[in-house]
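Chemist: Dumping the structure here so I can ask a few things about it.
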Amino acid sequence: MVPVVDLSRRGRRLAPQFATLAAQVASSGSILLGPHTDALERRLAAWSGGMEAVAVSSGAGAIQLSLAALGVGAGDEVIIPAFTAVPTASAVAALGAVPVCVDVLADSACIDPAAIGAARTDRTKAVVVVHLYGLPADLPQTDLAIVEDAAQAQGAIFDHARSAAVTYSFYPTKNLGGIGDGGAVVTADADLAAQVRMRRTHGMTEQYVHEVVSQNFRISELEAAWLLLSFDELQAGNERRRSIAAAYRAAAPGLRWQRQHPDHVYHLCVFRCDRRDEVRSLLHQRGVATAVHYPLAITRQPAYVDIARSVCPQAERWARECISVPCFPELTDEEVQTVASALSSIDG
Ligand SMILES: Cc1ncc(COP(=O)(O)O)c(C=O)c1O
């Protein structure tokens, strides 16, 4: 069976180098926010074209801290797309703010910029735009602060100064995937970066003096060391993902694929089909595992259904129809061929 993702392949490749680094970290006594974290932040800053970068404990934490630094708090509203991973919503809710869902575009699965105006109230403080599956989303023209949730889009965003902040997740399956949890805030705004940095450690400004209420969003040195190793492979990995996706699209041009974009980094390679169960089982019979990212729009999630204000038909349709097929750099050419040939047999 060709797996949707198999982290052990990358893990085996990086394990020998990581073993040395892990021993260094353990014997250094610098376990959290140490030299590897500093080096990771410098690497992120250079990679993003000279931005400020703050490494944190998760992608959700990166969104939460960016919004907090923008002044979002209890009772405020933040507009988000109705089709995304739940952490986009929970990062807002963790601040006591209300995630207000708007619909997504039928072809991109990303926020519909035209829907933002109608969802805006005098409590609205920000918009989170999600670059879903690795596709650079259209940014809205708005005077609201924008946070770009690029958890799934490392390498797809070149201009990190278009919005207030760009946030990343280093969850192990991500294109730049960690050996544990991790995330980062990348921003052109030095004050915002300083706020995030302070809030990363319980809002502490000097030893045991706490300026604002916050929690623990520290990243571990082991994670930072691993990410520095993986960074060297990010660009080639993204190129491999693009070529895998291109092979699938060429083999099955009649399927309803997510919108194309030259900078798409294919964290996930997704098409839509209104006979999802049947098609998944056909692919399974041909030796291809599939997954569903995600089966419910945020407006249908039990934890968020009560705060949904509008129906979001495109989000619900994506949730009903999306199918993710295997797409990660370590797939062999033979496996790619197996998937491509199975896809070509499907009647879109
Ligand atoms: C779109 C999106 N936003 C936010 C997150 C949250 O990242 P993390 O799991 O690192 O908190 C994820 C990943 O899970 C994600 O896919």
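Chemist: Scan the range 140-156 residue by residue and report those that are open to solvent by 10 Å² or more (accessible area, probe 1.4 Å), away from the ligand (no atom under 11 Å from the Cβ) and within 16 Å of the chain's Cα centre (by Cα).
Modeler: Result: ILE146, GLY155.
Chemist: Is it true that THR124 is under 26 Å from ALA74 (Cβ atoms) and open to solvent by less than 10 Å² (accessible area, probe 1.4 Å)?
Modeler: No, not satisfied.
Chemist: Right, next: As an exercise: evaluate ILE79 against (1) touching a residue at least 40 places away in the same chain (Cβ under 8 Å); (2) surrounded by fewer than 24 Cβ atoms within 10 Å (Cβ to Cβ); (3) more than 13 Å from the ligand (Cβ to nearest atom) and give the number of the one condition it does not meet.
Modeler: (2)
Chemist: With respect to the numbered conditions (1) closer than 19 Å to HIS264 by Cβ; (2) in contact (Cβ under 8 Å) with a residue 60 or more places away in the chain; (3) open to solvent by 10 Å² or more (accessible area, probe 1.4 Å), which one is the sole condition not fulfilled by TYR168?
Modeler: Result: TYR168 passes all but (3).
Chemist: Consider ARG242 carefully, then state whether it is more than 15 Å from the chain's Cα centre (by Cα), within 16 Å of the ligand (Cβ to nearest atom) and surrounded by fewer than 23 Cβ atoms within 10 Å (Cβ to Cβ).
Modeler: no
Chemist: Quick check on this structure: which one of GLN260, GLN314 is open to solvent by 70 Å² or more (accessible area, probe 1.4 Å) and polar (S, T, N, Q)?
Modeler: It is GLN260.
Chemist: Also: Hey, can you tell me all the residues within the range 321-345 that are part of a helix (DSSP H, G or I) and out of contact with any Asp or Glu (no Cβ under 9 Å at 6 or more places or on another chain)?
Modeler: If we filter the range 321-345 for residues that are part of a helix (DSSP H, G or I), which is where we start, we get 321, 333-344.
Passing the criteria: ASP333, GLU334, GLU335, VAL336, GLN337, THR338, VAL339, ALA340, SER341, ALA342, LEU343, SER344.
Chemist: Now a separate question. Output yes when any residue across the range 92-115 is away from the ligand (no atom under 16 Å from the Cβ) and either modelled with pLDDT under 95 or in contact with a Cys (Cβ under 6 Å, 6 or more places away or on another chain) (or both), and no when none is.
Modeler: The answer is yes; a qualifying residue exists.
The values are calculated or read from the model by the stated rules, or taken from the named source; none is laboratory data. What you see is a predicted model, and the numbers here were worked out from it, not measured in a lab. Positions of Cβ are backbone-derived with ideal geometry, glycine not excepted, and every protein chain shown enters the neighbour counts. Surface accessibility is based on the protein's heavy atoms, side chains included, excluding ligands, DNA and RNA. Shrake-Rupley method; radii C 1.70, N 1.55, O 1.52, S 1.80 Å.
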